[in-house]
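The values are calculated or read from the model by the stated rules, or taken from the named source; none is laboratory data. Please read these numbers as outputs of a predicted model, since none were measured by experiment. Here the Cβ positions follow ideal geometry from the backbone for every residue, glycine too, while neighbour counts run over all protein chains shown. These accessible areas exclude ligands, DNA and RNA; they are computed on the full protein's heavy atoms, side chains included. Shrake-Rupley method; radii C 1.70, N 1.55, O 1.52, S 1.80 Å.
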Amino acid sequence: MTVEDHAERLDRATATGQAIPQLTSTEPMSLATAYAVQHAGIALREGRGETLAGVKLGFTSKAKAEQMGVSDVIIGSLTDRMRIEDGGTFDVGRGVHPRVEPEVAFRLGPDAGIVAVAPALEIIDSRYRDFDFSLADVVADNTSASAFVLGPWTQLDRLDALAVDLLFDGEVVATGSTADILGDPLRALPAAQRMAAAYGHRLRDGSVLLAGAATAAVALRAGTHVEARVAGLGSVSVHTVEG
Ligand code: 0L1
Ligand code: MG
């Protein structure tokens, strides 16, 4: 199968919400090829009029990296159509098995430095059966990126140990700290710059950088008010619907 064949299979799984077997179940795949598949998938989206909105990092928590047996972060692309307005809705029926994680987001300036920070929600949704994948599979699948929500932009110099809560209908379902994001979310910028240079992603003026999750991801069901609260940064929310 070619890089484009793999990208089309993942693109179809995203569009139909039908999970597929891991790409590596039939043939091995290098990390370089996996990123080529990811870029080919984004090219398909751009061909349908989507525009790049930024990048995201995955495997930024030590626990998750250890669970996957990896020692480095992974990078994926965000597009404008993945963005949901704060307080907006997400249709769980359009996903395979979506999960949500509370994050911190950065807005980058003209020199790709950080100009603002916001609380964020990332909705991840592996296109593979049972949310089960190898490193190459998840990279090819654009690091499970599905949608993201940004709270109010603000300025804050210290982000290293802010309490983070994820709430469903006002009840806390997960708690963590921004320290779970690479020890300090500010480390996401050099990590993203390094990964972008290595794998061909672009960090531009106005780009969003999703720094990583502060808790484990939690499965989404319809009819839920989902909120992330980050101490000192405020909150961000989305309502889940079906159909
Ligand atoms: O954004 C993330 O941390 C997810 C990275 C990919 C791994 C997963 O889907 O759990
Ligand atoms: Mg994430």
Counting only protein heavy atoms and using a 1.4 Å probe, what share of the accessible area of the chain belongs to carbon plus sulfur, as a whole percent? 49 percent
Relative packing of peptides 216-224, 97-105, 185-193, 167-175 - highest average C-beta neighbours within 10 Å first: 97-105, 185-193, 216-224, 167-175
Classified through the alpha carbon gyration tensor (a ≥ b ≥ c as square roots of its eigenvalues; rounded if a/c is under 1.5, else prolate when a/b is larger than b/c, else oblate), the range 40-149 comes out rounded
Could you give the nm distance between label points at residue 5 and residue 30, where each point is 7 Å from its Cα heading toward the beta carbon? 1.9 nm
Can you give me the accessible area per residue for the chain, using a 1.4 Å probe, in Å²? 42 Å²
What does the C-alpha gyration tensor say about the overall shape of the range 124-182? Classify as rounded when a/c is under 1.5, otherwise prolate if a/b is larger than b/c, or oblate. prolate
Decide, for the range 49-114, between rounded, prolate and oblate: order the square roots of the alpha carbon gyration tensor eigenvalues as a ≥ b ≥ c, take rounded if a/c falls under 1.5, and otherwise choose prolate if a/b is larger than b/c, else oblate. oblate
Within 11 Å, Cβ to Cβ, of residue 92, how many net charges do the neighbouring residues add up to if Lys/Arg are +1 and Asp/Glu are -1? 0
Connecting every pair of Cα atoms under 10 Å apart in the chain and solving the GNM, the largest mean-square fluctuation among 79, 51, 215 falls on 51
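Note down the magnitude of the dipole of the range 3-241 about its Cα centre, charges +1 on Lys and Arg C-beta and -1 on Asp and Glu C-beta and zero elsewhere, to the nearest 20 debye. Please report the intermediate quantities before stating the final value.
Working: 21 positive and 31 negative charges, 43 e Å.
Approximately 200 debye in magnitude.
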Cα extents of the range 3-241 along the three principal axes, largest first (Å): 47, 41, 37
So how far, in whole Å, is the C-alpha centre of the range 29-55 from the one of the range 169-243? 20 Å
Could you compute the net charge surrounding residue 76? Neighbours are other residues with a C-beta less than 9 Å from the C-beta of residue 76; K and R count +1, D and E count -1. 0
Given the options 141, 157, 125, state which has the largest fluctuation in a GNM of the chain using a 10 Å cut-off (strictly under) for Cα springs. 157
Which of 49, 183, 113 moves the most in a Gaussian network model of the chain with Cα springs under 10 Å? 49
Of all DSSP beta bridges with both partners in the range 3-241, the antiparallel percent, nearest 5, is 80 percent
